[in-house]
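Structure first, commentary second.
The values are calculated or read from the model by the stated rules, or taken from the named source; none is laboratory data. In this text the structure is predicted, and so the values were computed from the model without any measurement. Because the Cβ atoms are built from the backbone with ideal geometry, glycine has one as well, and the counts that use them run over all protein chains shown.
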4 protein chains.
Amino acid sequence: MKRVLVATGGGDCPGLNAVIRAIVKRASQEPDWEVIGSIQSFDGILREPTEIKVLDERAVAGIHVQGGTIIGTTNKGGPFAWPVKNKDGSWTAVDRSDEMIRKLQYLGIDAVISIGGDGSQRISQQLYEKGLNIIGVPKTIDNDLSATDFTFGFQTAVQIATEAVDKLVTTASSHNRVLILEVMGRYAGWIALHAAIAGGAEVCLIPEIPYDIQKVAEKLQSRYNKGKGYAIVVIAEGAMPKGGTLVSEQSDEVGYHNLRLGGVAHKLSRDLKDIGFDADIRETVLGHLQRGGIPVAYDRVLATQFGVKSFEMVLEGKFGEMVAYRHPDIISVPLIDAINKPNFVAPNCDLVRTARGVGISFGD
Amino acid sequence: MKRVLVATGGGDCPGLNAVIRAIVKRASQEPDWEVIGSIQSFDGILREPTEIKVLDERAVAGIHVQGGTIIGTTNKGGPFAWPVKNKDGSWTAVDRSDEMIRKLQYLGIDAVISIGGDGSQRISQQLYEKGLNIIGVPKTIDNDLSATDFTFGFQTAVQIATEAVDKLVTTASSHNRVLILEVMGRYAGWIALHAAIAGGAEVCLIPEIPYDIQKVAEKLQSRYNKGKGYAIVVIAEGAMPKGGTLVSEQSDEVGYHNLRLGGVAHKLSRDLKDIGFDADIRETVLGHLQRGGIPVAYDRVLATQFGVKSFEMVLEGKFGEMVAYRHPDIISVPLIDAINKPNFVAPNCDLVRTARGVGISFGD
Amino acid sequence: MKRVLVATGGGDCPGLNAVIRAIVKRASQEPDWEVIGSIQSFDGILREPTEIKVLDERAVAGIHVQGGTIIGTTNKGGPFAWPVKNKDGSWTAVDRSDEMIRKLQYLGIDAVISIGGDGSQRISQQLYEKGLNIIGVPKTIDNDLSATDFTFGFQTAVQIATEAVDKLVTTASSHNRVLILEVMGRYAGWIALHAAIAGGAEVCLIPEIPYDIQKVAEKLQSRYNKGKGYAIVVIAEGAMPKGGTLVSEQSDEVGYHNLRLGGVAHKLSRDLKDIGFDADIRETVLGHLQRGGIPVAYDRVLATQFGVKSFEMVLEGKFGEMVAYRHPDIISVPLIDAINKPNFVAPNCDLVRTARGVGISFGD
Amino acid sequence: MKRVLVATGGGDCPGLNAVIRAIVKRASQEPDWEVIGSIQSFDGILREPTEIKVLDERAVAGIHVQGGTIIGTTNKGGPFAWPVKNKDGSWTAVDRSDEMIRKLQYLGIDAVISIGGDGSQRISQQLYEKGLNIIGVPKTIDNDLSATDFTFGFQTAVQIATEAVDKLVTTASSHNRVLILEVMGRYAGWIALHAAIAGGAEVCLIPEIPYDIQKVAEKLQSRYNKGKGYAIVVIAEGAMPKGGTLVSEQSDEVGYHNLRLGGVAHKLSRDLKDIGFDADIRETVLGHLQRGGIPVAYDRVLATQFGVKSFEMVLEGKFGEMVAYRHPDIISVPLIDAINKPNFVAPNCDLVRTARGVGISFGD
């Protein structure tokens, strides 16, 4: 019996379960393969007692419809920087990668499929360099990876953000308000950009295009001047004014990525008032709602493709590579290439031009 | 030609447009009636120039599917307390009710249907006492009115809150987190209670049952002890600890009802940490998303019933009364009775007992 | 240890799983009770080997969100009319009720909760008369039971049918078509009536109000005359013309209740053409889509209330009774009373009056 | 003032309104352009009196959220084959293209944007060859065009079909049934293929891969043998057995494309019984529900991109070309190329391999 270990790392993302199910379904077609899930990324391997779960067809039945991941995830630590508490209460990061690889051998693991984002795939590459038979499956709800046309989870997040815009439009127009919707995207504004176009927002603020608060106010004011006394602003959590910096608050207490949720929307609201823009402004922060729930069909299809392909890459021994989507094909690319090429919104790309074409202002 | 004026006051609520459409559709069956909409509650009448809109069948085609109100709304002032700015920048409330009644006569208005909440219906009663032919249609998304079994908008808010719980469950369980969802309800916890039951939350905190933070922590800890490393808390914006007070921040800058949105969820999160509850806690605030969007079928039916009935009450001359739902009938009740009987969650009512029966803790 | 057996009978209905979960959650609060599920209604008891399933908290975790029933159902036979195949291929109905009661004793079952419709509750009553400790939970997606204000599953079906109307409106208006939507309701037209009002249909045909095909054509033609070149007709599967009979086709091959799905919509379409109504008419049959999927929040709350109450009735020994909803209370009523009082749409009830008030024609 | 005429032809498709809105929004940024809508494709131009509608920003406000097309559509005739009734009641197709081009000149139309499918774009090419300044926007809900990565409307149809599978799974599993879902796709099986993967169906039957009824029965039987007593079959309306022909019924009375809706699903059900497959089989036909309703975010974005680009092609004088999507760019391609290259499912493409990888049988 051969064994493939599956781990999901980083923030949860709609479609993770569909990837897991596809791996298990595909593996069940090979007579001698078994799929093992590591609980909460590689933590399950490193903990004592080991926390793993045999993933057979019964275990994955129907899970493609569920958000989240049935094997849990974590966005802390990992085998190269395992947090160990010192006697004085401080933390030290310890490299437990050799130990983990030995443990995988001991467990009879022949290959590993690591489903995760940026950080996870850097770990995959390091483990690969240490000789581990590892395959990467990219996971980034922000869609910020140039190696693949799209990543799963992104369309679900866009759909949720768009439905939020739809809801805010009715309340904004009834009350003559400006409604600011803060969505995910610390470095890449794809979710904000798609949702602004799909929802018909007036303003879209993203990390890649720093905004001028005066320009934002002018755009909003022009709506009131036209007699349309309301407007929707979609803002990515990483948006910032020209010359400004990330609204980081040195704390991930309530937010993603050390960024306090809602801080960006609130700053914009306050800044608009400070420069004298006189309207009823309200903020809504989507937060965790963007990650959860039932994946849209698009993401379920893409995730299933990634899952099947990743197991086939195991069969073909394509270790050190990552699955990717180049329409209409599912391909594999070297992990090392994939890690270092982010996919940001180019200010002159066709999608930004589309947005400007329907009158959306980026405040620039 | 006889004319009925329709106004929508207070916070927007899913179903308002269905009420308006039903009034217009029903009036179109009478040969000699015309429906006029007053823009932004009675403000449209008091402004110069008058802002009104003739509401014929074309104007209301398809609007029952839309949230919000096509004639706008406001939650400030009203004819008895119209805000006038003084030279020193301060505001004075001026009684313009007589002027408004004269203006309605001048416009040839034979009757008024006022769709609105608590505050609006108090105004309706005062106008009725001054001789205006006025009918009330109750609007409260919080469902806090004992004169009627249910009010429209409530089921839509519950559905939205429940779907939010569904989404948070997947992310909470993947990350072993406690997720706190703040929903509407300053004085009445109906939305929180329904969403907690429908979503399968572990804790539900409502204004009517003050909570003990230790009891909340114990309940959450018991989940972790059982091996279920996550939990969902649904909290109404008006929930408060035993002996505590409303988390009011003397400002309605970003919230409803002078209450800063998210304040309650954040306080709970902080308090849990302060007493040493050691888990990853995150907050989500639904805010304006609960008011917007497409009304669920239930609310469209109820709103349509209210609309038709209210116009028939005009035909019957039942002024000074309000439409209400007593299953399966649509009835009328005196405004004066309706205003003074709120509908709070009784701590021993069947619904609370149901919640306790499925293991939901109220922290008491 | 005491044991309560739970069985779900008849057509599946959104909310069944929420009832089951609530029973299990409530029972887990009693130190000495265990819940056993019988697979596919009572068939699981009567089969050899016995098919039952212990329902503990783990087994019911999260199921309130799922449609269907985790313990399966059937709408054939039952203990009093168990189908046995004869040598010549024909079937005989055999009374196995005594055998079943003995088997329940053998299994140590102290009480039974039977969740099911009309047919199932008649069986419950018969079993009760034979001495079985049985409690009924009503299940009818058609809402055709006068003992309770509402039954679970109904609002989900109405919501699905309403969303179907919403979708058909856009295609009907784009193509200037008449679109006929066939929904459930063989004897009671509640789903059709609610969906017609909520969706804004032009015509609603239900079993309780036989239609005149000429009147239907006139109503539709009046839409075209007004320049609105499209219309939506919602028809219950049991609707029939004046003096007509049910469109029964002596076969339940593809339909519910011996009624071929789509037959009614197709007959209406054909009859409209036969009398010379000249428009592009299309039909859509919702069929099984009305039963499946995620229950709306309303049904999850109601089903949870029924589940908790039914177990408490077991504790109180209220056998031979059925749980019911009388707003805002959850009560119990004798099974015998409940069985014999159906809840049909009264042609002069407030809801029909509402429908007429917004211009919906019943073709009468 | 320059004028661009917009027409929508063929079956309605989610996203049409978003295209129209984008054209109008983009045109409003040019000082001297006006957009005119032709009612019901080019019929509005050919009728007397002419039926056109000025499309300004007010006319298109908020329409991107609506399915259908605000300027109507038709799938009959066109300027080259206008149906004229003869005295004997028969019909003759008359070429009115020259007349139409003259009329467009008379109306001061400088360019035409024709949004439509296969048939519409053939007409566009013919009109272009006659000298008309025409731009094509592809519209095919079936996604069967190789010139573009995706067409709008497709993802909405897939989402609706997937949600239908989700609903059918709960009812199928509760009753141990085989449920057959018939979806659109006469020549191309993309919708069925995507929905089968996203929904987790067991069998997917598409026009491109003729099926063997025995193989279908074996696959279904294997589910029952494994103890999973239910299965979902997704079948495209153009699927056919090996050596078979389309289930055409020479009538488009109730179906698309001369194909009676439901015929294919019913044939499969009957054929399965005829070869002795003994299970409870039910059919559901999605029909018009796939076309209607609110477009998903993906389609709104793509449609908006197509709309903006098509107007910019007018500005650039790229007549005789069609807008297309080559990720991540929006490009233009010659109409003549686009028309003749359909996009069918290749039996060995990655998506089919994915489907087989998760155990979906194509019955081959």
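Things worth noting here:
- Just one residue in the set A:Ile23, A:Ile39, A:Ile52 is touching a Gly at 6+ places or on another chain (Cβ under 7 Å), among the aliphatic types (A, V, I, L, M) and touching a residue at least 60 places away in the same chain (Cβ under 8 Å); that residue is A:Ile23.
- Unique residue being surrounded by fewer than 19 Cβ atoms within 10 Å (Cβ to Cβ), over 25 Å from D:Met184 (Cβ atoms) and assigned by TED's automatic domain parsing to the domain that holds D:Thr140 when the list is D:Arg26, D:Arg47: D:Arg47
- Residue in the range B:285-307 that is within 30 Å of B:Leu220 (Cα to Cα), touching a helix residue (DSSP H, G or I) at 6+ places or on another chain (Cβ under 8 Å) and among the polar types (S, T, N, Q) present: yes
- When each of B:Glu316, B:Glu312 is tested for being at negative phi, touching a residue at least 60 places away in the same chain (Cβ under 8 Å) and of a type in the set (Asp, Glu), the lone residue that passes is B:Glu312.
- When the residues of the range D:309-355 are filtered to those that are of a type in the set (S, T, N, Q) and over 22 Å from the mean Cα position of the chain (by Cα), the one that is nearest to the other protein chains (Cβ to nearest Cβ) is D:Thr354.
- Pair list, Cβ under 9 Å, 6 or more apart: the range B:158-174 residue under 16 Å from C:Val301 (Cα atoms) and touching a residue at least 40 places away in the same chain (Cβ under 8 Å), other residue surrounded by 24 or more Cβ atoms within 10 Å (Cβ to Cβ) and among the hydroxyl-bearing types (Ser, Thr, Tyr): B:Val158/C:Tyr298; B:Gln159/B:Tyr298; B:Gln159/C:Tyr298; B:Ala164/B:Thr284
- Counting the residues of the range C:149-167 that are more than 7 Å from chain D (Cβ to nearest Cβ), part of a helix (DSSP H, G or I) and of a type in the set (A, V, I, L, M, F, W, C) gives 6.
- Any hit, the range B:119-128, residues being within 19 Å of the chain's Cα centre (by Cα), at negative phi, among the charged types (D, E, K, R) and buried (at least 22 other Cβ atoms within 10 Å of the Cβ): no
- Search result, residues across the range B:278-290 that are at the interface with chain A (Cβ under 7 Å from one of its Cβ atoms) and either part of a loop (DSSP other than H, G, I, E, B) or among the aliphatic types (A, V, I, L, M) (or both): B:Val285, B:Leu289
- Whichever residue in the range C:291-318 is in a loop (DSSP other than H, G, I, E, B) and not small (Gly, Ala, Ser) and, among such residues, is surrounded by the fewest Cβ atoms within 10 Å (Cβ to Cβ): C:Lys318
- Checklist (1) modelled with pLDDT of 95 or more; (2) over 29 Å from C:Val301 (Cβ atoms); (3) in the same structural domain as C:His288 (by TED's automatic domain parsing); (4) assigned to a loop (DSSP other than H, G, I, E, B) applied to C:Gly227, failing item: (1)
- Scanning the range A:142-163 for residues that are in contact with a helix residue (DSSP H, G or I) (Cβ under 6 Å, 6 or more places away or on another chain) and of a type in the set (A, V, I, L, M, F, W, C) returns A:Ala147, A:Phe152, A:Ala157, A:Val158, A:Ile160, A:Ala161.
- Looking across C:Val333, C:Val323, C:Val314, C:Val358, one residue alone is hydrophobic (A, V, I, L, M, F, W, C) and under 30 Å from B:Gln29 (Cβ atoms). It is C:Val358.
- Some residue of the range D:329-342 being in contact with an Asp or Glu (Cβ under 6 Å, 6 or more places away or on another chain), of a type outside the set (D, E, K, R) and modelled with pLDDT under 95: yes
- Selection within the range C:198-218 - away from chain B (no Cβ under 14 Å), closer than 21 Å to C:Gly276 by Cα and touching a residue at least 12 places away in the same chain (Cβ under 8 Å): C:Val203, C:Leu205, C:Pro210, C:Tyr211, C:Asp212, C:Ile213, C:Gln214, C:Lys215, C:Val216, C:Ala217
- Members of the range D:168-187 that are in a loop (DSSP other than H, G, I, E, B) and buried (at least 24 other Cβ atoms within 10 Å of the Cβ): D:Met184, D:Gly185
- The lone criterion from (1) under 30 Å from C:Val296 (Cα atoms); (2) more than 14 Å from chain C (Cβ to nearest Cβ); (3) touching a residue at least 60 places away in the same chain (Cβ under 8 Å); (4) buried (at least 22 other Cβ atoms within 10 Å of the Cβ) left unmet by B:Asp142 is number (3).
- Considering the conditions (1) buried (at least 24 other Cβ atoms within 10 Å of the Cβ); (2) free of Cβ contacts under 8 Å to residues at least 40 places away in the same chain; (3) in contact with a Leu (Cβ under 7 Å, 6 or more places away or on another chain), B:Glu237 is excluded by exactly one of them, (2).
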